[in-house]
Amino acid sequence: MGLMSSALAAPVLLGDQTPRLRSVPPSDTSEGGNATDLAALAGLRLDPWQAHVLEAGLGRRGGRWAAFEVCLIVARQNGKGSILEALELAALFLFDDVKLILHSAHQFKTAAEAFLRKDGTRLRFLARSSGSGRGFTSDLVILDEAYELGGREMAALLPTLSARPDPQVWYTSTAGNPDSAQLGRLRQRGLAGGDRSLAFLEWSVDDASYDPADPVGWARANPGLGIRIEPDYVARELAALPAEEFARERLSVGSYPVDDAGSWQVLGEDAWSACADRRALL
């Protein structure tokens, strides 16, 4: 949290630019700076926190992506969409190995091919379903609104990456609910730490001890506070919303499936760990 002031203006509460929870695998270099610079050339200037997410998620180790999966949890309207715009721009124009990007969100009504480059690199937007993604071979899968992501959607999309040399999956979401099985598993791994295949970043308050009326907590959970979200508006949300809804939507206090968060229902933990171990050796 920080304060910005001038001779003509009262101090403005600024959101924390680094996440409260962070678990990122080791890397040698990162493409994050290049992605941020390219976005700026296109007129998209990222906040420090947005650049931080790209730096963490696009780390490279041994010439490959350090993280196979990248998971970002942050409250609504903070600007996570700009991170995805910058990521997709970099994937289209900077990452030579990327030929197809699949961007899936729960409530897209139609699927449209957004970009087609001369070398064949494509970005496709998909409505999420148990069949979306089938028939494609992709290098980068972006799963927005991951709180709505279930096992059937993962089964349709994840195999699109299996034949590519250096694939990556990005999940972005607000806090989860009791049906957020996939997001719950990701968060469980992120909280445990030490997962060399997962970069996990979460802006939130400590759900065991927080005061919903404390502006310090607002700043901790909202990196866009004072940039695109005004503290006065958060105060109005606090008065207008039920306590549980305010905690989830503005403070990222999730309610995750207790049984599913730590279980291994599709792949056994031994099989997944073996894949991660082989990847770490490459």
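The values are calculated or read from the model by the stated rules, or taken from the named source; none is laboratory data. Here the structure is a predicted model, which means the values were calculated and not measured. Cβ atoms come from the backbone with ideal geometry, glycine included; neighbour counts cover every protein chain shown. In case anyone asks, the SASA skips ligands and DNA or RNA and just uses the protein heavy atoms, side chains included. Shrake-Rupley method; radii C 1.70, N 1.55, O 1.52, S 1.80 Å.
Just a few scattered comments:
- Evaluating 6.51 cos²θ - 1.76 cosθ + 1.60 at θ = phi - 60° for every residue in the range 200-211, the Karplus couplings come out as 10, 9, 9, 9, 6, 8, 6, 5, 8, 7, 7, 10 Hz, glycine and proline recorded as x.
- For the range 28-80: relative contact order, % (alpha-carbon pairs under 8 angstrom, 6 or more apart): 38
- Backbone amide hydrogens, once placed in the peptide plane, bring Leu149 within less than 5 Å of Leu183, excluding anything fewer than 5 places away on its chain.
- Amide hydrogen proximity for Ser30: with H placed 1.01 Å from N in the peptide plane, the residues at 5 or more positions away or on another chain lying under 5 Å are Arg60.
- Here the Karplus curve 6.51 cos²θ - 1.76 cosθ + 1.60, taken at θ = phi - 60°, turns the phi angles of the range 88-103 into couplings of 5, 4, 5, 5, 6, 10, 10, 9, 4, 6, 7, 10, 9, 10, 10, 10 Hz, with x standing for Gly and Pro.
- With all protein chains kept in place, the per residue accessible area of the range 27-104 amounts to 37 square angstrom at a probe of 1.4 angstrom.
- 20 Å tail of the calculated P(r), the range 171-236, as % of Cα pairs: 41
- A simple rule links phi to the HN-Hα coupling: the Karplus curve 6.51 cos²θ - 1.76 cosθ + 1.60 with θ = phi - 60°, which for the range 235-250 gives 4, 5, 4, 4, 6, 8, 9, x, 4, 5, 5, 4, 4, 6, 6, 10 Hz, with x for Gly and Pro.
- The listed residues Leu46, Leu58, once ranked by accessible area (1.4 Å probe) with the largest placed first, stand as Leu46, Leu58.
- Our note on the geometry: Cα centres of the range 158-216 and the range 80-102, 20 Å apart.
- Solvent-accessible surface of the range 166-206, taken per residue with a 1.4 Å probe and all protein chains present: 27 Å².
- Sorting 230-241, 74-85 by average packing, meaning the other beta carbons within 10 Å per residue, from highest down gives 74-85, 230-241.
- Ordering of 148-160, 60-72, 201-213 by burial proxy (mean other Cβ atoms within 10 Å per residue, highest first): 60-72, 148-160, 201-213
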